[in-house]
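Report on the structure given below.
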Amino acid sequence: MSNVPTADAKFVDLLLYLAELMRQDVKIDPHRLERSLGGRYSKSQIKDALTLLKLKRPRGEPVRIFSESELAMFDPDAARLLLKLYSLGVVEEHQLEAIIMQADIDEEILTVDDVKTFVAIVLSDPVEFNPETLPVFQDEEFEN
């Protein structure tokens, strides 16, 4: 990845928080932010998140609408989170589609934690994203 270290679910929470602040045109001071977040994130993590968000463009309201079959793959809170990340510009269109494809492969309904994990995976390499890097969980009968 170019300027941002490997993302994780905790990093996705930070991205969401910062993207919301940026949407509200709040001036972000990394030093003050580190204190206000109670030390849950380092200056380095905050800087990395801000760097990534500067490369993204907010979309406003999401233009992607889930079909009924797609909605059935996600817990309602997970679907809302995914659309929010997309509308804030944290997740690009091809990344959103890759997450939906992965949800289609999984047989269980994806939760908020699952979505954060998949978002972290696709954000870990935003330039050279490869859908094959998403973990695929299948029944043993489908494995070779």
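Bear in mind these aren't lab numbers, they're just calculated from the coordinates by the rules spelled out. Just so we're clear, the structure is a prediction, and the values are computed from it rather than from any experiment. Heads up, the Cβs are rebuilt from the backbone with ideal geometry, glycines too, and the neighbour counts pull from every protein chain shown.
Brief remarks follow.
- The loop-placed GluC sites (Glu not before Pro) in segment 76-112, going by DSSP, that have at most 11 neighbouring Cβ atoms within 10 Å of their Cβ come out as E107, E108.
- Taken one residue at a time, the phi angles of segment 17-25 give Karplus couplings (6.51, -1.76, 1.60, θ = phi - 60°) of 4, 5, 5, 5, 4, 5, 4, 8, 6 Hz. Gly and Pro are set to x.
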